[in-house]
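The values are calculated or read from the model by the stated rules, or taken from the named source; none is laboratory data. Keep in mind it's a predicted model, so treat the numbers as computed, not measured. Glycine also receives a Cβ, built like all others from the backbone with ideal geometry; neighbour counts cover every protein chain displayed. Ligands, DNA and RNA are excluded from the accessible area calculation, which covers all protein heavy atoms including side chains. Shrake-Rupley method; radii C 1.70, N 1.55, O 1.52, S 1.80 Å.
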Amino acid sequence: MSTIVSPSLLSADFLNLGKDVSMVNESQADWIHLDIMDGVFVPNISYGLPIVSQIKKTATKPLDVHLMIIQPERYVEAFQKAGADILTVHLEASTHLHRTIQQIKACGMKAGVALNPHTPVNQLEDIIRDIDVVLVMSVNPGFGGQSFIPNALEKVKKVKSLITATGSQCLIEVDGGVNLETGQQLVSAGADALVAGSFVFKSDDPVATIQNLKELKA
Ligand code: DX5
Ligand code: ZN
């Protein structure tokens, strides 16, 4: 299987968002990654539901929505209506995570759980069979363009072992500081999907950059 690539629009040109969504449509990207920040769970505010709905009108790839908000259960239905296909919530942000995951699936979306850099992988033990995606954060969430935290490689290996041990079908996605070098290390460690923001959108040829990430092989 080739690497799943999910370009993060956080690094796109917000005055020309339609143009950047079209670029992703025409590229080999598999998903479009949308970062929703509430200024409470993370120290930044990004964009919200109206933007997601607008992107949905023009995007031809599944919307991979990463909620960096407290109590994400309050907004599950709203993001489904806005067009999310994969909805990822943070383990640290949802007290009744199992219920939140059931809510996401009942709305017809794929369910993801994100782990902050400090959160141990063993906290996934009792939820791994219920989810479609684990999102390993390789930066502290909140901003694009940060440096990759190398410990993410160990975490990817641990998630992989947990998946194998439990027979879970879920995918491993990694978010933060991904470029060709860290991307290769992550794919070799067992990552199935890579999120890349600044590496794609600040490159001279974003379509080719997406293609290069897609070709990474374990
Ligand atoms: C960070 C976001 C990322 C961000 C990644 O909180 O979750 O999706 O866009 O940006 P880069 O790829 O530039 O590290
Ligand atoms: Zn993200």
Checklist entry - Dipole of region 4-214 (Lys/Arg Cβ +1, Asp/Glu Cβ -1, origin at the Cα centre): which of 62, 109, 153 lies farthest to the positive side? => result 109
Next on the checklist: Taking 8 Å as the Cα distance limit and 6 or more residues as the minimum spacing, I'd like the relative contact order of region 30-70 as a percentage.
Outcome noted: 60 percent
Next on the checklist: So, for region 4-214, what is the accessible surface per residue at a probe of 1.4 Å, expressed in square angstrom?
Outcome noted: 43 Å²
Checklist entry - Which distance in Å, rounded to a whole number, links the C-alpha centroids of region 186-217 and region 39-73? => result 21 Å
Checklist outcome for this item: Counting only protein heavy atoms with a 1.4 Å probe and every protein chain in place, the carbon and sulfur fraction of the accessible surface of the chain in whole percent equals 51 percent
Checklist entry - Under a point spin-label approximation (7 Å from Cα along Cα-to-Cβ), what is the residue 40-residue 165 distance to one decimal in nm? => result 3.5 nm
Checklist outcome for this item: If each K or R counts +1 and each D or E counts -1, the residues other than residue 23 whose Cβ falls under 15 Å of its Cβ total -2
Checklist entry - Given H placed on each backbone N at 1.01 Å, which residues far from residue 194 in sequence or on other chains put an amide H within less than 5 Å of it? => result 4, 5, 6, 174
Checklist entry - Within the chain, which complete DSSP H helices have Cα atoms spanning at least 20 Å along the helix axis and a mean Kyte-Doolittle hydropathy of -1.0 or higher? => result 151-166
Checklist outcome for this item: From highest to lowest solvent-accessible area (probe 1.4 Å; ligands, DNA and RNA excluded), 181, 77 read 181, 77
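Can you check what the Kirkwood hydrodynamic radius comes to for region 4-214, Cα pairs only, in Å to one decimal? Walk me through the numbers before you get to the answer.
Details: mean 1/r = 0.0595 Å⁻¹.
This gives a value of 16.8 Å.
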Next on the checklist: Let me spell out the model: positive unit charges on the Cβ of Lys and Arg, negative unit charges on the Cβ of Asp and Glu, origin at the Cα centre of region 4-214. What dipole size does that give, in debye rounded to 20?
Outcome noted: 280 debye
Checklist outcome for this item: the chain: antiparallel bridges as % of DSSP beta bridges, rounded to 5, reads 5 percent
Next on the checklist: Can you tell me, using C-alpha contacts under 8 Å and at least 6 residues apart, the relative contact order of region 153-218 as a whole percent?
Outcome noted: 34 percent
